[in-house]
1. Simple spin-label model, 7 Å along Cα-to-Cβ: residue 254 to residue 289 in nm?
2. Mind checking the log10 I(q)/I(0) for segment 288-355 at q = 0.15, 0.23, 0.26 Å⁻¹? Debye, one equal scatterer per Cα, no solvent, two decimals.
3. Can you give the relative contact order of segment 191-409 as a percent, counting alpha carbon pairs under 8 Å and 6+ residues apart?
4. For a protection proxy built on the mean count of beta-carbon atoms within 10 angstrom, sort 238-245, 357-364 highest first, please.
5. Does segment 216-265 classify as rounded, prolate or oblate by the C-alpha gyration tensor (a ≥ b ≥ c root eigenvalues; a/c under 1.5 gives rounded; else a/b over b/c gives prolate, otherwise oblate)?
6. Say each of residue 333 and residue 217 gets a label point 7 Å from the Cα, pointing the same way as Cα to Cβ; how far apart are those two points in nm?
7. Could you tell me the center-to-center distance, by alpha carbons, between segment 145-186 and segment 252-307 in angstrom?
8. For 177, 76, what's the fewest-to-most ordering of other Cβ within 10 Å of each Cβ?
C-alpha cells in the first residue's frame, strides 16, 4: 500500500478534464442543514465488547458535498467508486483534512489511483455470503474499487478534488471515512510466542526445512483488535511461499508503537469495507519497534493467499512496514522485525532468504504481462513487481541487508 505523489503517466491536458470538487466540514450540526442533502451512509462493523470501528461513505454526487454535514470522526480516508480499478486511470484525487483537536487544515495530498495493492483476478471475494462472480464481485452488483488510503489521525473535516481521466467520472464516486474504533476484545491468544530455536516438523505433514529460522513473536489478530465479523469467514491458500514482498503502508512514521494496532484496524476496515476484499491484504505488518503483527487470517504458518502485490500474490507473502519510507529512514528495530518474519516464513519451505524464485505473473497490471515468467529475489520490494515507489526510496536500498540478515537467521 502507498500514497504517492508520483505524477500519473500519460495524463491528458487538464483543460480537457472536468474537475469534481467536494468540501466537507463535520461540526456537530444537523445533517439536514443542507437542503436536499442525503444523509451519509455508514457501514459499521459489528461492535464488540470494546467497540468496533466503522466506515462512513459520503457520496460525491455531481462532484459536490454540502458543507456542514455531520459524520463520525475518522482517522483514515480514501475515495471509492463502483467499477474496475482502472476507471480512474489518468485522473487524480486530492484530499485535505481538518485536525479534530486543533481545527487546522492540512495541505493537499494526492492519493494513488492505480490498483497496485490488491488481489489478482478472481482471487479475492467481496464480503458477502451471496454468490460471487469469477472476478470477485457480488452477483448482481458491480465490483468496488478505491484509491490507496491516507492515514490522517483524528480528523473531522475533509475536502476532495477529483480530476477524472479520459473515461470520465466513474459511477458511485464517494469518499470513505474510516474510524478504527477501540478494537474488539477477544478470548483468543493475543500473541504467538517466539521460538528460541528452530522448530520441528510443522503440522499438516509439511516438514520444516533444514534452515528453519526461529519464529518471532507475532501479535495475533485478537491482539490488534480485529473485528472478525466483517471479513469472509473462510480462508484461501496458495502454494508454498517462495518470495516475500516488502511494502510500506505510507502512513505516518511518527507514531507511538502502542498506536500501531489502531493503524492496522483502519487499514483492515478500508481493505474489506471500502475495497470489497475478503480480508486485509497483507500477510504480516511490522511497526517501528520491530513488533510483528498477523495480517490476513488463516494461520501464520500456512500459505495464506494475500492481496498485496498485483500479479504475484500466488506463492508469496506480503509484509508491510508501518510508516512512509520515501525520505524517512526506517528504524533499526523495524528492519530487524522485517528480517525475522521473512527468514521464518521463507524457512518454512526451506527457501533461501538470500536466493531467488521464478514466478508467473497473474495480471497484465503488473510489470510483467499475465503468464510471463519473472525471477525475483526471495526478499523483494513491491516496486520489483509493480510500477510504484513502494516500499520507499529509504527502505528499498535496505533490502540487501534484510536478505543477508534473514539468511543468517536461517543458518546459511
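1. Taking the two extended label points, one gets 2.0 nm.
2. -0.54, -1.17, -1.30
3. On the way: 486 pairs, mean separation 52.8, N = 219.
Dividing the mean separation by the residue count of segment 191-409 yields 24 percent.
4. Details: 238-245: 21.5, 357-364: 18.2.
The densest-packed peptide leads the list: 238-245, 357-364.
5. Values: a/c = 2.01, a/b = 1.26, b/c = 1.60.
Since a/c reaches 1.5 but b/c is at least a/b, the shape of segment 216-265 is classed as oblate.
6. About 1.1 nm, to one decimal.
7. 18
8. Working: 177 29, 76 26.
Ordered from fewest to most neighbouring Cβ atoms within 10 Å, 177, 76 come out as 76, 177.
Laboratory data are not the source of any read-out in this text; all were calculated from the coordinates shown. Predicted model, so just to flag it, every value in this text is computed and none were measured. Reconstructed Cβ throughout: ideal geometry from the backbone, glycine too, with neighbour counts over all protein chains shown.
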